[in-house]
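The structure appears right after this line, and notes come after that.
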Amino acid sequence: MHPALQRIVPPMTSTSHKGQSGRIGVFGGSSDYTGAPYFSAISALRVGADLSYVLTADSAAQVIKGYDPELMVTPVYQTEWQDDEEAARKGADSMSRQVVSYFSRLHCLVVGPGIGRHTMMLEAMKLVLTCAKDDQLPVHPELAKGNPHVTLTPNVVEFVRLWTAAGFDESDLPKTDSGSFAPSLDNVKQLASAFGGVTVVMKGASDHISDGKEAVTCDLKGGLKRCGGLGDILSGTLGTFLAWNSLEEKRSGEQAKDGGSQEQTASYQAYAKHGRSMGAQDVIAQLASVIEELAPAPRL
């Protein structure tokens, strides 16, 4: 395991208090997508965060609360606002203000799981990210630019969209023999730089990671089953490590940006047990053993 990761895992002592091992927020979810923010938030807890907040739609809040009572779920917008242009405009402002009010409680904010693409949600995310940049709050979002505290986790299809949005041409990207895009590590470094130094984690058989200056490849084996929810699990685990890194930076300045490797290892272990029937919950169940291997908890 990467020694930098081990250094940022908070110690567990008899004098520790609730919240010291990480307070993670997840801004996402909608009436159609309640699983995504749940997978992200619960993964943060299972990998070792103390508290996990979900900021979501009124129509999703009660459903997510029913999934697990450990999560603190707060509705920050009404789904019906999306049906009216004026209500949506005011809703974006109201929603962003509510999310921003949680900043003082959080060490990291995950933005985007299950949030959809309605213009109201996109506008709210922009407002939230602007405030997060001002507060230097580590953010793991679906969109951002010019914020070095941001981490993006696109798959190949999403990477191509970001690539073209940054002004690059699709024809510059390598392709496989079958004609599918296969962005290189150098491409990931280019994109991170073009987006102003955000960290880009391009998911795939091997994850390419860069902040525009340095670039590494994580080639740990993951499971072969591509079930729904894996990206959401990654966002929760990576969000926790970003929070720990933020806390550690205040003490020693250490950097560790490949915490997402824990999700790959958990996926590998879950697939070894369940094969074709592997689901997101099976991967989450393996996070405990993965983090225990990385940083064993003190024995009583």
Are any of the residues in region 97-118 more than 18 Å from the chain's Cα centre (by Cα) and farther than 30 Å from LEU45 by Cβ? no
For region 114-142, the count of residues that are under 24 Å from GLU80 (Cα atoms), open to solvent by 50 Å² or more (accessible area, probe 1.4 Å) and not acidic (Asp, Glu) equals 6
Can you list residue pairs whose Cβ atoms sit under 8 Å apart, with the first residue in region 36-60 being free of Cβ contacts under 8 Å to residues at least 24 places away in the same chain and the second being buried (at least 24 other Cβ atoms within 10 Å of the Cβ)? Count only pairs 6 or more apart in sequence or on different chains. ASP58/TYR77
Just one of the numbered conditions (1) more than 30 Å from ALA272 (Cβ to Cβ); (2) in a helix (DSSP H, G or I); (3) within 17 Å of the chain's Cα centre (by Cα) is not true of PHE159; which one? (1)
Going by the structure shown, is GLN20 without any contact (Cβ under 8 Å) to a residue 60 or more places away in the chain, more than 30 Å from ALA57 (Cβ to Cβ) and out of contact with any strand residue (DSSP E or B) (no Cβ under 6 Å at 6 or more places or on another chain)? yes
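The values are calculated or read from the model by the stated rules, or taken from the named source; none is laboratory data. These numbers were taken from a predicted model, which means no experiment stands behind them. Virtual Cβ from ideal backbone geometry, glycine too; neighbours counted across all protein chains shown. In case anyone asks, the SASA skips ligands and DNA or RNA and just uses the protein heavy atoms, side chains included. Shrake-Rupley method; radii C 1.70, N 1.55, O 1.52, S 1.80 Å.
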